[in-house]
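To keep things clear, I will list the structure first and then write my remarks on it.
The values are calculated or read from the model by the stated rules, or taken from the named source; none is laboratory data. Note that this is a predicted model, so its numbers are computed, not measured. A quick note on method: Cβ atoms are made from the backbone with ideal geometry, for glycine too, and the neighbour counts reach across all protein chains shown.
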């Protein structure tokens, strides 16, 4: 690998990591990272078309996080990015991750314990650490049981879909350009998944570690199923458990 490729790899990692700094600190100084990302994207546009294509998402993602509320901060960058991709002639790069994959016996055997263990881990985390979740609790509807089922399903479907598209789709596919080892890709995305949940659910250092381990397991599911369907289904149940816990804590 020549120096130019090493440099492109390095700045691509910086471009990606900058977006996830938002989940640790939301200081206005993060706009400096946006400027750095834009400089990186412009540089890659000039010197490497393939890297450029996969670099576009991350400054858009960070700007959306800084400007728009959830869930728009997750939806808009995906829509913008896919719109740009559709007008390029790089279709062979986009279809590598825009596929459902398959549900074989081994994948299902990984999915089931992952679903059960993740739900149990979330409940134990709440019971043992008693974290302050007041900011999240006030976001869930206070209605009768039938009135909260639909919001719970919608939250679980769309949140799992967006996060998996970003991490196991756009990110994973972009990393495959310069990282040939699937395990390293999985570890990298799992770390970012943990960082993403530093102020989420679960939260804090312990929560981020738990989320990172969970992200790693879903990464194995993604690799084995060769698509996003199995990861999204698995993730759906964790989000459903989170929604249920928040409803219970309202009482």
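Against the definition (part of a loop (DSSP other than H, G, I, E, B) and under 21 Å from residue 77 (Cα atoms)), how does residue 169 come out, yes or no? The answer is no for residue 169. Scanning region 20-35 finds no residues that are farther than 30 Å from residue 136 by Cα, exposed (fewer than 13 other Cβ atoms within 10 Å of the Cβ) and at pLDDT below 90. All conditions in (1) over 30 Å from residue 54 (Cβ atoms); (2) in a helix (DSSP H, G or I); (3) at pLDDT below 90 hold for residue 155, with the sole exception of (1). Cβ separations smaller than 9 Å between residues 6+ apart or across chains give the following pairs from region 1-28 residues that are touching a residue at least 24 places away in the same chain (Cβ under 8 Å) to residues that are loosely packed, with under 11 Cβ neighbours inside 10 Å: 9/1.
Right, residue 243: within 19 Å of residue 119 (Cβ to Cβ), in a helix (DSSP H, G or I), in the same structural domain as residue 112 (by TED's automatic domain parsing) and modelled with pLDDT under 95 or not? First the steps, then the outcome.
Working: within 19 Å of residue 119 (Cβ to Cβ): yes; in a helix (DSSP H, G or I): yes; in the same structural domain as residue 112 (by TED's automatic domain parsing): yes; modelled with pLDDT under 95: yes.
So residue 243 passes the test.
I'm checking my understanding of the structure. Among residues of region 115-148 that are assigned to a helix (DSSP H, G or I) and at pLDDT below 80, which one is surrounded by the most Cβ atoms within 10 Å (Cβ to Cβ)? If we take residues in region 115-148 being assigned to a helix (DSSP H, G or I) and at pLDDT below 80, then 148 is surrounded by the most Cβ atoms within 10 Å (Cβ to Cβ).
Just to be sure, is residue 60 loosely packed, with under 12 Cβ neighbours inside 10 Å, at pLDDT 90 or above and within 21 Å of the chain's Cα centre (by Cα)? Before you say what the answer is, go through the steps one by one.
Values: loosely packed, with under 12 Cβ neighbours inside 10 Å: no; at pLDDT 90 or above: yes; within 21 Å of the chain's Cα centre (by Cα): yes.
So residue 60 fails the test.
Can you say whether residue 187 is modelled with pLDDT of 95 or more, surrounded by fewer than 21 Cβ atoms within 10 Å (Cβ to Cβ), more than 19 Å from residue 115 (Cα to Cα) and touching a helix residue (DSSP H, G or I) at 6+ places or on another chain (Cβ under 9 Å), as far as the supplied structure shows?
Values: modelled with pLDDT of 95 or more: yes; surrounded by fewer than 21 Cβ atoms within 10 Å (Cβ to Cβ): yes; more than 19 Å from residue 115 (Cα to Cα): yes; touching a helix residue (DSSP H, G or I) at 6+ places or on another chain (Cβ under 9 Å): yes.
Yes, satisfied.
Within the set of pairs 6+ apart or on separate chains, which have a first residue in region 29-48 that is at negative phi, a second that is outside any helix (DSSP H, G or I), and C-beta atoms under 7 Å apart? Close Cβ pairs (under 7 Å, with a partner that is outside any helix (DSSP H, G or I)) amount to 41/56. Of 112, 106, 79, all but one fail to be under 24 Å from residue 154 (Cα atoms) and assigned by TED's automatic domain parsing to the domain that holds residue 166; the exception is 112.
Among residues of region 199-240 being free of Cβ contacts under 8 Å to residues at least 24 places away in the same chain and over 14 Å from the mean Cα position of the chain (by Cα), the one that is surrounded by the most Cβ atoms within 10 Å (Cβ to Cβ) is 209.
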